[in-house]
Amino acid sequence: MKIPKSAYSILLFWIAFVFTFPNIDAQTKKLKRPGSKVGIYSVDKFVSESFDIYDKVYKYDGYAEAGTPLDDEDIDVLEDALDDLEGLSDSAPDILSDVDGTSVLKQAKATLQINKAKKALNYSIKTAKELLLGQREHDTEEESEEESNDTSTNDNPKTNSTSTNNDIEDNDDTNISDNLEIYSKFDFVPGDKLLFFDDFSQDFIGDFPSKWNTNASGEVVKIGDKGNWFELKSGYGVYFIPDVKNLPEDYTIEFDMLTQGVGRNTSSTARIHVILSDDDKIKEGSNHYAFVSIPVGQYGAFSLRAKNYFNRGGGAINTDIKADVRKAVLNQPHIAISVTKKRFRLWINETKYVDIPRFIEELNVLKFLKFHINNFKDGEEHLYISNLKVSEGGVDLRRKLLADGKISTNGILFDTGSANIKPQSYGIIRQISQVLMQDENINLKIIGHTDADGTDASNLQLSKTRAEAVKNALIEIYKISENRLQTDGKGESEPLKDNGTSDGKAQNRRVEFVKI
């Protein structure tokens, strides 16, 4: 069979791309930046940004060779460079599609320049890490032994599902804070119209979840008594896309995250990206996208990264946000995102880390949600998500309660089968307290509702107990007078949606506030 010319060109290009990157043990002569452009935008951008990072790292490598100690500012630059490497890796061009169809000469030039850029990046990653650790000329075996002695039990690779479950259970005591006073100032308010929910309870263990798409692999796993979780697989150009379509102008995104095997040996570029995109294709986006990435590496405090890209011309935002989230990512954090027109905010547990007023530069173009993780060690480091919830709204419930005299929300969350309020629910309870504090003539009835899991009698009692728990939170944390609050519970008797689906159940589990 005759091979088409375009396929033959791609094959030659790919072989060159994969096999022409020697390891660099030490940099003795500076690599020369290509003097001319290829004429393919994505390739030229990739090459240019690669050498921008390379130039920074090479400069500080020279300082180390001369015996000049690095100061705090130098270390910041190197840490930023490492973060840039991750951003660059994720924005690297789709080489095959971009180069295919161009002339043979242009393909050859692109191949040479990309090879040189990859060589520069290989040096940059290795050298920047060694400089930050003060081990530019270090003994690898010695380093591994030292780091393994300082690594917690959470760094052990997963050998089977039982060991994973045991390791996670051992960390239960260090999960998100039970100190509700911290959450008394938490101001995230979830949307009030559910668009998508997935706790993977409807999926078989070991299967890829039915309401998602990917170009790689992943599976639903059961972890102890924590329920089902979706394990994302790490990889360059790998995306996980839930069936979320037509995101509105105002919406919220929430999910729980769990890591396993993450420790001091985890790459500084190991991250989870939450991407808002203009398409549901297997890439960041066609003409528009925006993302925030959360680092999970433990040997340093690595920045969150925020970047937007609009109209093929780049975006105004490409920034690192200094933060230390190392402890949080080890302890089952709750991630909350609010998009209100152009404003983008992100919380990890009770702390707001990102608040960019004009992150969404163009309205009504980012309609899809995607996830991506990269630089996790296969079989050793794991990242899971669950309870993904996307809701329209996220508006000020205070005005709605004052105007309509009642509100209903499924944003107040409880532990399964329990009246224990999850801390991330306190943004809503805080707004309710503000209404009561503003007008002392307002009294409220709090009404609990459940889904249909369990018996009618148990659900009725659970709904009443949950309403009472919300009342107690208003009294104990926000100092609202008890005589202004009444409670009731309806159990499963007034469903809004079908209790046969996870979406329906999530909407039926709700709390109402009614003026009396």
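We did not get these values from a lab; they are worked out from the coordinates using the rules stated. Computed from a predicted structure; not experimentally measured. Using ideal geometry, Cβ is built from the backbone for each residue, glycine included, and neighbour counts are taken over all protein chains shown.
Here the range 397-515 is treated with +1 on each Lys and Arg Cβ and -1 on each Asp and Glu Cβ, and its dipole about the Cα centre works out to around 440 debye.
In order along the range 404-413, the Karplus-derived 3J(HN,Hα) couplings, from 6.51 cos²θ - 1.76 cosθ + 1.60 at θ = phi - 60°, round to 9, x, 6, 9, 10, 9, 9, x, 8, 9 Hz, and Gly and Pro are given as x. Taking amide H positions as modeled 1.01 Å from N, with prolines and chain starts lacking one, the residues under 5 Å from residue 304 and 5 or more places away or on another chain are 321, 323. Using R0 = 41 Å, the C-beta based FRET efficiency linking residue 202 and residue 342 works out to 0.70.
For the range 397-515, how big is the tail of P(r) above 18 Å, as a whole percent of Cα pairs? Working shown, then result.
Values: 3288 of 7021 pairs.
For the range 397-515, the fraction of Cα-Cα distances above 18 Å is 47 percent.
Label reach from residue 281 (point 7 Å along Cα→C-beta): in the range 34-64, amide nitrogens under 16 Å belong to 41-43.
Among the listed pairs 283/505; 59/109; 56/116; 422/497; 211/377; 226/377, those with a Cα-Cα distance over 21 Å are 283/505; 59/109; 422/497; 211/377; 226/377.
Under 18 Å from a label point set 7 Å out along the Cα-to-Cβ vector of residue 246, the amide N atoms of the range 264-296 belong to 277-281.
Rounded to the nearest Hz, the phi-derived 3J(HN,Hα) couplings of the range 431-442 under the Karplus curve 6.51 cos²θ - 1.76 cosθ + 1.60 (θ = phi - 60°) are 5, 4, 4, 5, 5, 5, 6, 6, 10, 6, 8, 8, where x marks glycine and proline.
Would you mind getting me the FRET efficiency between residue 48 and residue 211? Use the beta-carbon distance for r and R0 = 45 Å, nearest 0.05.
0.70
Site pair residue 422 and residue 324 shows an inter-label distance of 2.8 nm when each label is modelled 7 Å from Cα along Cα→Cβ.
Going by how many other beta carbons lie within 10 Å of each one, how would you line up 203, 225, fewest first?
Numbers: 203 19, 225 9.
So the ranking, lowest neighbour count to highest, is 225, 203.
What is the sum of charges, Lys and Arg at +1 and Asp and Glu at -1, for the other residues whose Cβ falls under 15 Å from the Cβ of residue 280?
Details: positive: 211, 245, 281, 283, 367, 370; negative: 243, 278, 279, 284.
Result for the local shell: +2.
Around the amide H of residue 486, modelled in the peptide plane, lie the amide H atoms of 444, 445, 446, all under 5 Å away and 5 or more residues distant in sequence or on another chain. Counting neighbouring beta carbons within 10 Å and listing from fewest to most, the residues 320, 439 come out as 439, 320.
How much of the DSSP bridge set in the range 397-515 is antiparallel, in percent, rounded to the nearest 5?
On the way: 11 of 16 bridges.
Bridges in the range 397-515 are about 70 percent antiparallel.
Work through the residues other than residue 208 whose Cβ is under 14 Å from its Cβ and net out their charges, Lys, Arg +1 and Asp, Glu -1. If you can, show how the numbers build up before the last one.
Numbers: positive: 211, 233; negative: 198, 203, 207, 219, 231, 243.
Taking every Cβ under 14 Å from that of residue 208, the sum is -4.
Close amide-amide hydrogen proximity is noted between residue 196 and 390, each under 5 Å apart and 5 or more residues distant or on a separate chain (H modeled in the peptide plane; Pro and chain starts excluded). 3J(HN,Hα) along the range 200-211: 6, 6, 8, 9, 7, 4, x, 8, 6, x, 6, 9 Hz, from the Karplus curve 6.51 cos²θ - 1.76 cosθ + 1.60 with θ = phi - 60°, whole Hz, x for Gly and Pro. In plain terms, if you count all Cα to Cα distances in the range 305-450 and split them into 10 Å steps from zero, the share in each step is 8, 30, 33, 21, 7, 1 percent. Label zone of residue 358 (point 7 Å out along Cα→Cβ, amide N under 20 Å): in the range 219-260 this covers 249-250. Which residue, 429, 402, 416, has the largest displacement toward the positive end of the dipole of the range 397-515 when charges sit on each Cβ (Lys, Arg +1; Asp, Glu -1)? Result: 402.
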